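The values are calculated or read from the model by the stated rules, or taken from the named source; none is laboratory data. Computed from a prediction, not measured in an experiment: that's the story for all the values here. Note: ideal-geometry Cβ built from the backbone for every residue, glycine included; neighbour counts use all protein chains shown. Just so you know, the surface numbers come from the protein's heavy atoms only, side chains and all, with ligands and any DNA or RNA stripped out. Shrake-Rupley method; radii C 1.70, N 1.55, O 1.52, S 1.80 Å.
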Amino acid sequence: MPLLEETSLPQEPPPTIPVVIIGNGPSGICLSYLLSGYKPYLDTAAVHPNSILYTKLQETKHLPITEQDLEYLSEGLEGRSRNPVAVLFDTLLHPNADFGYEFPSVLQWRRDKKQHIPHLVLGKATPGGAWHAMEGSMLTISLGIWMELPGVNYSDLTNGKRRDITSDRATPEEILSYYRNYVKIKGLQKNFADNTYVTSVQKLCREQSEESVESGHTDQGDVGVGDGGSEGDGVDSSNTVGGGPLWEVRGYQKVQNTHVPFSLFAENVVLATGASDSPVRLCVEGENLPFVFHSISDFGSAISQRKLDVNSDPVLIVGAGLSAADAVLSACNNNIRVLHVFRKSVNDPDLIFKQLPKTLYPEYHKVYNMMSSQTYANVSPSASIRPQSVSIASSVCAKMCPKPQLAAGTVDGHVSVSLFPDYTSFPEHCVVSLQNDMKCLLQGNNSLKAFKISMALVLIGTNPNLFFLKSQGQYLGQDPTKPVSCKQNPIDIHPYTFECTNEPGLFAMGPLVGDNFVRFLKGGALGIASCLLKRLKKKGKLINSGSGHFI
């Protein structure tokens with residue numbers, strides 16, 4: 001959908017839209033589905049295994065879940081999300097999933113076109129969000145059924161394909177295809193504006209925004225930021241969803257290699273941008289050198305372009321998460337030597353590998369076995385380094401790891417698969433600096449070690465980039481003195497509406513509020529849609545899906 005039709009005239013005022021969603025990944029797609037009039041009801045033929053929740057659902061089974069008391073329904077539920085509505089929606093869609101069951105959803109979806117809320121989803125590419133940038137050969141952490149969105153079974157679009165009897169994990173390519181097809185199947189295309197980049201989101205005082213709409217433009221230098229008051233605040237809200245100040249959203253859309261600027265007004269803005277915009281940096285000397293990268297896709301490009309091979313110096317991989325593990329696996333598959341550096345101990349209970357079942361994730365447990373057994377001290381006792389000394393090694397893996405393939409051994413009581421010999425881990429180490437002569441300086445155990453490398457791959461997490469908001473959105477965090485971080489400092493929201501505590505009319509969902517898995521980020525869509533629909537119902541307003549205006 002183009003933001004500007006060919007017949008649009010420059011002097012026409014920017015359009016005013018009830019809801020603008022920034023981000024077209026699974027969060028934005030799911031919210032678009034719920035705002036398009038699709039409503040979840042309790043399936044009269046279904047019985048939820050949680051008897052207490054089922055009793056609550058029976059009390060108001062004639063109402064859609066979006067019109068019920070989400071706080072009441074969420075009470076007492078437990079799950080792997082800090083957001084109660086996310087746990088509620090997950091248990092309705094996948095009852096007892098954490099216990100290994102695949103019970104069918106207890107929801108039945110019906111569409112009421114008269115309760116369609118006009119909205120626009122802005123995304124940098126076609127629907128799918130960050131899944132466009134995922135490495136295509138890797139398997140998702142979540143099972144395929146957990147990646148699905150309401151109303152369309154994942155298996156229906158993949159012909160019921162399963163890789164083996166214990167795993168239903170998918171490739172990013174398959175998931176991306178599912179999300180694209182989902183938008184088409186559900187007829188949501190008209191709500192999506194692809195190839196759009198948001199550069200500014202500013203809140204206008206109501207009086208100023210009305211003058212701006214009448215004049216058809218705003219003077220960005222005189223934009224007033226709202227005071228963050230509660231809904232209404234003496235403003236006539238009879239023609240709005242939220243009733244507060246309007247938001248001005250600016251940016252550009254890529255159309256045939258040209259950038260077409262756009263400006264529009266929104267009554268509500270939803271942040272669904274995910275967490276993959278800005279890689280976390282080490283902030284050490286030399287991190288900006290040309291052989292240092294922060295994305296696994298850069299590593300894949302170097303391999304495909306044959307810049308790395310079996311004869312190359314080792315690749316330095318920094319990080320102890322799944323992205324770092326994916327890079328290690330990619331290196332192993334291409335016989336590229338690896339130095340793997342991470343701050344944590346291999347026995348740290350917070351390591352992600354300790355939270356993944358071995359039967360479902362054998363490749364990640366292979367990496368963990370290597371991290372535990374092929375440490376610098378274990379594989380190279382003769383090359384031990386005295387405290388405060390520096391060792392230079394141009395081919396460290398060849399010196400530290402024996403060439404014969406390691407035999408299967410026992411790690412944590414389980415028989416391990418054959419490990420990759422040209423791999424060495426450095427637990428409880430950190431990178432001190434990266435040098436122009438392609439050397440890295442590592443510190444650990446009160447000693448410094450220097451090694452010659454061919455590439456450094458820093459994979460220690462990502463942070464959202466909210467540059468288009470004032471103060472880069474920092475004031476929205478649970479700790480407003482620190483930048484927003486999906487794990488350390490998520491956006492502070494109302495737990496049942498997902499509206500930003502410090503900014504009414506602005507909502508956040510997905511990784512921005514700590515829900516990093518698709519199965520839980522869908523709860524944000526339920527909370528936001530429920531909030532907006534209840535505000536409409538309170539005013540006695542419905543929406544005509546044909547005209548897009550209130551009636």
Checklist line | For Ala508, distant residues with modelled amide H under 5 Å away | finding: Leu271, Cys500
Margin query: Using the Karplus curve 6.51 cos²θ - 1.76 cosθ + 1.60 with θ = phi - 60°, what ³J(HN,Hα) values do you get for each residue of the range 298-310, in whole Hz, with x for Gly and Pro?
Written below: 5, 5, x, 5, 5, 5, 5, 8, 6, 7, 10, 7, 4
Margin query: At 1.4 Å probe size, what's the solvent-accessible area of Leu246? Round to the nearest 10 Å².
Written below: 10
Checklist line | Label point at Lys537 placed 7 Å out along Cα→Cβ; residues across the range 38-77 whose backbone nitrogen lies under 17 Å | finding: 38-43, 56-74
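Can you tell me the FRET efficiency between Glu78 and Asn311 if r is taken as the Cβ-Cβ distance and R0 is 60 Å, rounded to the nearest 0.05? Can you show the working numbers first?
Working: r = 53 Å, r/R0 = 0.88.
After rounding to 0.05, the efficiency reads 0.70.
Using the beta-carbon distance between Arg281 and Ala45 and R0 = 56 Å, what value does 1/(1 + (r/R0)^6) give for FRET efficiency, to the nearest 0.05? Walk me through the numbers before you get to the answer.
On the way: r = 53 Å, r/R0 = 0.95.
Here the calculated transfer efficiency is 0.60.
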Notebook entry, point to check: If you rank Ile52, Ile22 by how much accessible surface each has, with a 1.4 Å probe, what is the order from largest down?
Noted result: Ile52, Ile22
Checklist line | 3J(HN,Hα) from dihedral phi, the range 83-95, Karplus parametrisation 6.51/-1.76/1.60, rounded to Hz, x for glycine, proline | finding: 9, x, 5, 5, 5, 4, 5, 5, 6, 6, 7, 9, x
Margin query: Would the range 62-115 count as rounded, prolate or oblate if I go by the C-alpha gyration tensor, calling it rounded below 1.5 in a/c and otherwise prolate when a/b exceeds b/c, oblate otherwise?
Written below: oblate
Notebook entry, point to check: Separation between the His259 and Tyr475 pseudo-spin-labels, each 7 Å from Cα along Cα→Cβ, expressed in nm?
Noted result: 2.7
Check: Taking a 1.4 Å probe, which of Tyr72, Tyr38 shows the most accessible area, and what order do the others take after it?
Finding: Tyr72, Tyr38
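Which of Lys307/Lys344; Lys114/Lys203; Lys39/Lys522; Lys203/Lys470; Lys114/Lys190; Lys307/Lys439 have a Cα-Cα distance over 19 Å? Don't skip to the end; give the middle numbers.
Values: Lys307/Lys344 30 Å; Lys114/Lys203 29 Å; Lys39/Lys522 14 Å; Lys203/Lys470 10 Å; Lys114/Lys190 17 Å; Lys307/Lys439 17 Å.
Too far apart for the 19 Å limit: Lys307/Lys344; Lys114/Lys203.
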Item checked: Nonlocal amide H pairs with Phe293, under 5 Å, H built at 1.01 Å -> Ala456, Leu457, Val458
Margin query: What figure, in Å² to the nearest 10, do you get for the accessible area of Cys332 with a 1.4 Å probe and non-protein molecules left out?
Written below: 20
